[in-house]
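To keep things clear, I will list the structure first and then write my remarks on it.
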Amino acid sequence: MQARVKWIEGLTFMGESASGHQILMDGNAGDKAPSPMEMVLLAAGGCSAVDVVSILQKGRHAVSDCEVRLTSQRAEEEPRVFTHINLHFIVSGSGLSDKAVARAVALSAEKYCSVAMMLGKGVAITHSYERVNNA
């Protein structure tokens, strides 16, 4: 996998993935775009959400929505790395069981989400969830 990051102005940079997608990043506390650290947090949430939805769909569960709310703590001093991240999943669907959602979250956390697993080597990562059944 390859990518490119190009300086635009000030502390604003344009990232381009090998697949040709572009995203703006801002090192000035997210003034114009997400900061690189926000991007890392979003990547963990996105990777895990893809896993959870995919696992539930492959299990033929009627999932209609999945949201991940991420909270984090960072070190007070430089380098201001993440010290804790919680991924809280809110999963909606028809006839979803706690067991199915818990299994999907656990599989993402323990086996599939490469972003969270990579971060987990230096960050305490926790997962929680709530299930919402649609009528």
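The values are calculated or read from the model by the stated rules, or taken from the named source; none is laboratory data. Since we're looking at a predicted model, the values are computed, not measured. FYI the Cβ positions are ideal-geometry reconstructions off the backbone, even for glycines, and counts take in every protein chain you see. Each accessible area value is taken on the protein alone, full model and side chains, heavy atoms only, with ligands, DNA and RNA left out. Shrake-Rupley method; radii C 1.70, N 1.55, O 1.52, S 1.80 Å.
The sole residue among SER114, SER92, SER128, SER108 that is under 14 Å from the mean Cα position of the chain (by Cα) and surrounded by 14 or more Cβ atoms within 10 Å (Cβ to Cβ) is SER108.
Note on the range 5-23: residues that are open to solvent by 50 Å² or more (accessible area, probe 1.4 Å) and closer than 25 Å to CYS113 by Cβ total 7. Residue count for the range 2-26 satisfying the condition of being under 19 Å from the mean Cα position of the chain (by Cα) and in a loop (DSSP other than H, G, I, E, B): 1.
If a residue has to be farther than 15 Å from ALA116 by Cβ and surrounded by fewer than 16 Cβ atoms within 10 Å (Cβ to Cβ) to count, how many in the range 55-80 make the cut?
Residues of the range 55-80 that are farther than 15 Å from ALA116 by Cβ, as a first pass: 56-67, 73-80.
This time we only want the ones that are surrounded by fewer than 16 Cβ atoms within 10 Å (Cβ to Cβ), so: 57-60, 62, 64-65, 67, 73-80.
Summing the residues that are farther than 15 Å from ALA116 by Cβ and surrounded by fewer than 16 Cβ atoms within 10 Å (Cβ to Cβ) in the range 55-80 gives 16.
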